[in-house]
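Q: One structure coming up, written as structure tokens, with questions to follow.
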């Protein structure tokens, strides 16, 4: 099976981190973070994944409607 690798840049990660700081520990949709950062919503999903894996951001589940529809709060750790 083919594997797709999306590479995010340090600049993109820094922009998303700055957008997350005022939203820290609040339940927000990725679209809200994307709007605050000025980056495409789909790209922000990958950036958030990279930030969580790097230990810079903590993803906290806050609302679980079903297996596919969840809301998270993000806490900036850096």
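Derivation of every value follows stated rules applied to the coordinates shown; laboratory data play no part. Nothing here was measured: the structure is a model prediction, and the numbers come from that model. Counting neighbours? That spans all protein chains shown, and the Cβs are built from the backbone with ideal geometry, glycine included.
Q: Identify, from the list 44, 16, the residue that is buried (at least 17 other Cβ atoms within 10 Å of the Cβ) and under 15 Å from residue 78 (Cα atoms). It would help to see each step written out before you state the result.
A: Numbers: 44 fails: under 15 Å from residue 78 (Cα atoms).
Answer to the check: 16.
Q: Can residue 55 be described as exposed (fewer than 13 other Cβ atoms within 10 Å of the Cβ), touching a helix residue (DSSP H, G or I) at 6+ places or on another chain (Cβ under 9 Å) and at positive phi? Walk me through how you get there before you give the answer.
A: Values: exposed (fewer than 13 other Cβ atoms within 10 Å of the Cβ): yes; touching a helix residue (DSSP H, G or I) at 6+ places or on another chain (Cβ under 9 Å): no; at positive phi: yes.
So residue 55 fails the test.
Q: Another question, if that's okay. So which residues in the stretch 29-41 are farther than 15 Å from residue 73 by Cα and touching a residue at least 24 places away in the same chain (Cβ under 8 Å)?
A: 39
Q: Only one of 21, 25, 63, 10 is on the phi > 0 side of the Ramachandran plot and loosely packed, with under 14 Cβ neighbours inside 10 Å; which? So that I can check it myself, show each step before the final result.
A: On the way: 21 fails: on the phi > 0 side of the Ramachandran plot; 63 fails: on the phi > 0 side of the Ramachandran plot; 10 fails: on the phi > 0 side of the Ramachandran plot.
That would be 25, the only listed residue that is on the phi > 0 side of the Ramachandran plot and loosely packed, with under 14 Cβ neighbours inside 10 Å.
Q: How about the stretch 1-28: which of its residues are touching a residue at least 40 places away in the same chain (Cβ under 8 Å) and touching a strand residue (DSSP E or B) at 6+ places or on another chain (Cβ under 9 Å)? Steps first, answer last, please.
A: In the first step, residues of the stretch 1-28 are kept if they are touching a residue at least 40 places away in the same chain (Cβ under 8 Å); the result is 6, 8, 13, 17, 20-21, 23-28.
Across the stretch 1-28, the qualifying residues are 17, 20, 21, 23, 24, 25, 26, 27, 28.
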